[in-house]
Ligand SMILES: Nc1ncnc2c1ncn2[C@@H]1O[C@H](COP(=O)(O)OP(=O)(O)OP(=O)(O)O)[C@@H](O)[C@H]1O
Ligand SMILES: [Mg+2]
């Protein structure tokens with residue numbers, strides 16, 4: 001992995017929610033993402049994950065610090081220039097999909113290509129159909145968001161994010177509402193685009209099965225970012241091979257244990273939260289054990 005495609009330097013984000021009330025959503029965050037990397041961001045609810053993704057995607061500005069995308073300092077760029085950068089370079093899959101309710105699935109996917117204006121109408125329609133086929137929605141081209149399930153809307157959002165062949169794709173819980181088969185399809189799609197097209201992915205997720213496709217995981221807690229060691233890449237070629245999923249789950253839980261221990265030792269994590277997290281890991285391990293013994 002080579003050049004840096006995203007650089008976040010000393011970023012703070014403070015939301016003013018009342019006259020005397022500030023929410024410090026990001027605290028001195030530093031992060032560098034290499035071109036072709038799959039970065040996973042994990043952390044509890046309210047820890048600042050979506051805020052960070054919005055700032056990386058230039059949808060929001062930091063209160064202080066710098067944001068550099070592909071060598072360009074975008075921190076203070078005017079909206080017109082940011083719009084062009086977003087349209088060409090960045091694909092978004094939002095936590096709540098943000099599809100346009102009056103448009104069909106096909107039209108939602110066509111929209112970024114129409115805005116970019118580089119292909120003619122027929123090519124745009126053809127490409128949008130192909131993208132929807134890839135995410136398994138070839139039969140929902142003319143459905144509007146309200147006529148689709150959460151998981152289907154999520155897959156439309158993924159197809160839309162890929163419409164302009166972005167170099168960077170930002171995904172906020174991309175498998176949050178999908179079933180396990182669609183999840184495997186989405187993970188495979190991410191891996192394929194990454195492997196063959198060098199697309200950089202930044203993925204916010206709570207799901208350990210998603211995190212296994214990452215080259216690196218960072219954690220956010222209370223607006224602070226914690227880097228972890230780079231992890232060896234695990235393949236999901238057999239996305240539905242139970243043994244492999246279980247093995248990586250156990251690996252993940254092991255890493256989680258080490259991470260929690262470190263946080264506890266540094267005093268970042270309170271004793272009760274630590275105990276709570278440990279027992280949740282224990283529950284997960286016991287669940288795995290009981291499923292395995294059923295199989296024997
Ligand atoms: N527009 C806003 N105005 C005020 N406060 C906000 C705003 N957006 C987020 N926050 C606050 O900033 C903090 C971080 O929010 P954020 O949405 O980034 O969390 P998150 O990690 O994405 O959580 P979740 O996992 O629930 O999606 C929270 O305390 C939230 O209430
Ligand atoms: Mg969020």
message: Condition first: under 17 Å from the mean Cα position of the chain (by Cα) and in a loop (DSSP other than H, G, I, E, B). Now tell me which residues in segment 130-161 satisfy that.
response: 135
- prompt: Residues in segment 35-44: is at least one more than 19 Å from the chain's Cα centre (by Cα) and either in the same structural domain as residue 167 (by TED's automatic domain parsing) or surrounded by 14 or more Cβ atoms within 10 Å (Cβ to Cβ) (or both)?
  reply: no
task: Give the residue, chosen from 84, 60, that is away from ligand 2 (no atom under 16 Å from the Cβ) and more than 14 Å from residue 9 (Cα to Cα).
output: 84
- prompt: Restricting segment 4-23 to residues that are within 16 Å of ligand 2 (Cβ to nearest atom) and either surrounded by fewer than 18 Cβ atoms within 10 Å (Cβ to Cβ) or at pLDDT below 95 (or both), which is farthest from residue 73 (Cα to Cα)?
  reply: 23
- prompt: Can you name the number of the only condition in (1) touching a helix residue (DSSP H, G or I) at 6+ places or on another chain (Cβ under 7 Å); (2) assigned to a loop (DSSP other than H, G, I, E, B); (3) within 22 Å of residue 42 (Cα to Cα) that residue 164 fails?
  reply: (3)
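The values are calculated or read from the model by the stated rules, or taken from the named source; none is laboratory data. Note that the structure is predicted; figures quoted are calculated from it, not measured. Heads up, the Cβs are rebuilt from the backbone with ideal geometry, glycines too, and the neighbour counts pull from every protein chain shown.
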